[in-house]
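Working notes, structure below.
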Amino acid sequence: MQFGECGEGCCSTEWRAAGRSGCVPETDPPLVHLLSPRYVTRLLVTGAKDEPEPTRVLRLGNMVSEQELANDEEYEDILVDVREEMSSHGEVVKVVIPRPSATVTTGDGIGAIFVEFVDTDGCKKAFVAMTGRQFAGKTVVASYYDETRFGGEDLE
């Protein structure tokens, strides 16, 4: 079998550039894929090669600092920017960005952004787009979040 014959992507330019030759079974992803930031982030978040079960809620970590959240103007800008960006993937119901307060300084989801979509399709598109993406010099960690916990405002 020659490069490009299988149609599975293992015969891509990246595959050849990684020094691989020939086709491989589906269970052996290309080396380039294994080293991509999105794939590594997914492994760290889920602990598995497969995507986790999608929900309607996306948790975005490593995007904002407590200092940014403490500033009212920056906080509002972040809310608007996130809603706008996430809306390009699907209809957004709600964006929640927990803020530090006099009684809460760490935990309770502070530093994470939670986005609720109308359906799982929009959430899946956002998950793919945001996983491993760079934001203000940091790598975004995207994960699906339990809808029941989100509805009960159990954020972490």
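Where a number appears in this text, it was derived from the coordinates with a stated rule and is not lab data. None of the values given here were measured: they were computed from a predicted structure. Here the Cβ positions follow ideal geometry from the backbone for every residue, glycine too, while neighbour counts run over all protein chains shown.
In plain terms, the residue of 115, 140 with the fewest other Cβ atoms within 10 Å comes first and the most crowded comes last, giving 140, 115. In this structure, the amide hydrogen of residue 93, modeled 1.01 Å from its nitrogen in the peptide plane, lies closer than 5 angstrom to those of 116, 117, 118, counting only residues at least 5 positions away or on a different chain. Shape descriptor for region 57-151: Rg over Rh equals 0.94 (Cα atoms; Rh from the Kirkwood inverse mean 1/r).
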